[in-house]
Amino acid sequence: MPLDSKLLRIEFVFTLMLLPLVVLLVFYLAHRWWSINWRPALPWLRTLRWLGWGLGMLLMFLSLSRAQFLFSYGLAITAFSAGLSIPESWIKRRFVS
């Protein structure tokens, strides 16, 4: 399968869209079964969000001068970055305040 096929792009986009919800589910289930201090995870999530946002924006800007498929990847990575705010806010609401 070529790397720029439409099916691969669709799979990549949907995987990145669902991944933050999977992270939230894993955090929730781990919290239910074990006593875990989630505060150290906050800087990691925030860093991952900013890296994802930066990489997504870079790919979207590169798509202006290069191949069109970079835009869909950049949009998917930016959506993943925004989706990571869901588990981050859950940790803040539940454990930091």
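Condition check for R32 on (1) assigned to a helix (DSSP H, G or I); (2) in contact with a Phe, Trp or Tyr (Cβ under 9 Å, 6 or more places away or on another chain); (3) more than 21 Å from F12 (Cα to Cα); (4) modelled with pLDDT of 80 or more: one failure, at (2).
Every listed requirement among (1) small (G, A, S); (2) outside any loop (DSSP other than H, G, I, E, B); (3) loosely packed, with under 12 Cβ neighbours inside 10 Å is met by S65 save one, (2).
Annotation for the range 4-19: at least one member residue is touching a residue at least 40 places away in the same chain (Cβ under 8 Å) and basic (K, R).
Just checking, which of L42, L51 is of a type in the set (A, V, I, L, M), surrounded by 15 or more Cβ atoms within 10 Å (Cβ to Cβ) and at negative phi? Step through it out loud before you land on a result.
Working: L51 fails: surrounded by 15 or more Cβ atoms within 10 Å (Cβ to Cβ).
From the options L42, L51, the qualifying one is L42.
Restricting attention to the range 41-58, the residues being more than 15 Å from A82 (Cβ to Cβ) and either hydrophobic (A, V, I, L, M, F, W, C) or modelled with pLDDT under 85 (or both) number 4.
Scanning the range 74-83 for residues that are surrounded by fewer than 21 Cβ atoms within 10 Å (Cβ to Cβ) and not small (G, A, S) yields L75, T78. Contact annotation: residue pairs with Cβ atoms under 8 Å, 6 or more positions apart or on different chains, pairing a residue in the range 31-55 that is touching a residue at least 24 places away in the same chain (Cβ under 8 Å) with a partner that is loosely packed, with under 13 Cβ neighbours inside 10 Å and not β-branched (V, I, T), are H31/R94; W38/R94.
The values are calculated or read from the model by the stated rules, or taken from the named source; none is laboratory data. For clarity, every value in this text was computed on a predicted model and none was experimentally measured. Please note: Cβ atoms are built from the backbone with ideal geometry, for glycine as well, and neighbour counts cover all protein chains shown.
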